[in-house]
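To keep things clear, I will list the structure first and then write my remarks on it.
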Amino acid sequence: MDKAASLRNEILEKVKEFYHAAHNRTDEQFIPGKTRVNYAGRVFDETEMVQLIDSSLDFWLTAGRYSEEFTGKLEDFYDVSDAILVNSGSSANLIALSALTSESFGEKRLIPGDEVIAVAAGFPATVSPIIQNRLIPVFLDVEIGTYNIDVSRLEEAYSEKSKAVFIAHTLGNPFNLDVVKAFCDKYDLWLIEDNCDALGSTYRGKLTGTFGHIATGSFYPAHHITTGEGGCVITDDPQLARIIKSFRDWGRDCYCEGGENNTCGCRFTKQYGTLPRGYDHKYVYSHIGYNLKMTDMQAAIGSAQMDKLEEFTLRRKDNFRLLTEGLQGLDDFFILPKATEHSDPSWFTYILTLRENTPFSRVELAQYLDQNLIETRGMFAGNLLRQPGYMNINHRVVGELKNTDYIMNNTLFMGVFPGLTDEKINYMTSKIHEFVKSF
């Protein structure tokens, strides 16, 4: 064992050397027009690589010591009882909503045909679980500027079939939690916060992801922290946490961690369904679930990333401020993003919307920026109901999705991630000014 420990230390020292030889870009020169300016990307140092390799040397391929460490850091950050690691943000959304179909919730459980209030201007992974659970999405329009749900239509959206609200804090900007939370409380509705793009955002000084019954997170490389693929489900309700873990872990009733036996104290002592009494609790299934766990190697990266989250958040906010300052004087052409009242976003991106009658199109602007190696993206799915896979879904729309369609045609976003330097931000804004002056 002494030799193994010595070899481990030697390997990890070599990993540090490898990082500095192959991945350290701190001295990389930015050449305007030649160096690509990405909208997002991984920001890491030797720590992530060392912990990844350290985990791999354990060869504990499922959840292990780094999963416990990462989970603990998330629970401490959110100040909640449970952070449940999963293999992606999309999986987090799937089991967050699926958990609410459990018979454990009696009349509050979601059943096929129940309605879930949502928006069509967003990423498919927030809406797909509604459809996959044979529920009915009820779509409201969004505001231009905040890009969040238009809360003025919530009462109109309510019906006797309403059971939940499932919406995202759009690109890091919190939705109006005062109104949404009051609406859910009034009608005793479940509230799921898709917090995948908003890690570190606050509303009235409180972290988003801590207002609803459940929240979800994503650790895809473009997000605030990364594990490659990965995500989490957050709750402060022990009953919900146990059911969420059940749906994540094949639907099993037992909550013992992998490699543990009889933590629950009822492995061979109880009656379940019409199984023989004393049937092994490890193989009792109380839900129709999935296998959506995170590996310990991913968690090793996530644990290191969590230690950088405060720094990452500050940099995102600073880059957002620099872009806003750099785009002053272009109000005749663009609607600049604005934080929801009472919020302090950890912005995922910088959102630009063309004003009506602007002498150029979103596509022309995106093409110009792309030609100058500045990466942009459209507003995810645009209007989800216009996407081929969603055109024939069972749904209800409240009012018109006028702003959603406008965003689909006239909105793009650019990066604010911590890998962008002031020099790159200034280049981005100068190119937008240059483009506008050509008209």
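For the reader, a short list of remarks on this structure follows.
- The residues listed here are Lys293, Lys317, Lys282, Lys270; of these, the one that is more than 29 Å from Gly41 (Cα to Cα) and either in the same structural domain as Ala241 (by TED's automatic domain parsing) or not in a loop (DSSP other than H, G, I, E, B) (or both) is Lys282.
- Each residue in segment 292-308 was checked for being surrounded by 24 or more Cβ atoms within 10 Å (Cβ to Cβ) and either in contact with a strand residue (DSSP E or B) (Cβ under 7 Å, 6 or more places away or on another chain) or of a type in the set (Val, Ile, Thr) (or both), and 3 of them qualify.
- Evaluation of Tyr350 against (1) within 28 Å of Gln29 (Cβ to Cβ); (2) in a loop (DSSP other than H, G, I, E, B) (one fails), failing number: (2)
- Residues of segment 270-285 classified as free of Cβ contacts under 8 Å to residues at least 24 places away in the same chain and on the phi < 0 side of the Ramachandran plot, total: 9
- Against the numbered list (1) within 18 Å of Val80 (Cα to Cα); (2) out of contact with any helix residue (DSSP H, G or I) (no Cβ under 9 Å at 6 or more places or on another chain); (3) crowded, with 23+ Cβ neighbours inside 10 Å, Gly231 comes up short only at (2).
- A single member of Val37, Val50, Val80 is under 28 Å from the mean Cα position of the chain (by Cα) and crowded, with 21+ Cβ neighbours inside 10 Å, and it is Val37.
- When the residues of segment 42-81 are filtered to those that are aliphatic (A, V, I, L, M) and assigned to a loop (DSSP other than H, G, I, E, B), the one that is nearest to Gly419 (Cα to Cα) is Val43.
- Subset of segment 323-357 [buried (at least 19 other Cβ atoms within 10 Å of the Cβ) and out of contact with any strand residue (DSSP E or B) (no Cβ under 9 Å at 6 or more places or on another chain)]: Trp347
- Count - residues of segment 118-137 that are under 25 Å from Thr353 (Cα atoms) and among the aliphatic types (A, V, I, L, M): 6
- Residues satisfying the stated conditions in segment 1-23, i.e. of a type in the set (Lys, Arg) and either assigned to a loop (DSSP other than H, G, I, E, B) or over 31 Å from the mean Cα position of the chain (by Cα) (or both): Lys3, Arg8, Lys14
- Some residue of segment 24-41 being touching a Pro at 6+ places or on another chain (Cβ under 9 Å) and either assigned to a loop (DSSP other than H, G, I, E, B) or outside the structural domain of Thr421 (by TED's automatic domain parsing) (or both): yes
- Hits in segment 51-65 (condition: touching a residue at least 60 places away in the same chain (Cβ under 8 Å) and more than 22 Å from Ala222 (Cβ to Cβ)): Asp54, Ser55, Ser56, Asp58, Trp60, Leu61, Thr62, Ala63, Gly64, Arg65
- Listed by first and then second residue, the pairs with beta-carbon distance under 6 Å, at least 6 apart or on different chains, first residue in segment 394-409 and in a loop (DSSP other than H, G, I, E, B), second crowded, with 18+ Cβ neighbours inside 10 Å and among the β-branched types (Val, Ile, Thr), are Asn394/Ile136.
- Test: residue in segment 265-286 that is more than 30 Å from Asn426 (Cβ to Cβ), exposed (fewer than 15 other Cβ atoms within 10 Å of the Cβ), β-branched (Val, Ile, Thr) and touching a Lys or Arg at 6+ places or on another chain (Cβ under 9 Å): yes
- Of the residues Phe417, Phe435, Phe413, the single one that is closer than 23 Å to Val127 by Cβ, modelled with pLDDT of 95 or more and hydrophobic (A, V, I, L, M, F, W, C) is Phe413.
The values are calculated or read from the model by the stated rules, or taken from the named source; none is laboratory data. It should be emphasised that the depicted structure is a prediction, and the values quoted were computed from it without experimental measurement. Positions of Cβ are generated from backbone atoms using ideal geometry, with glycine treated the same way; all protein chains shown enter the neighbour counts.
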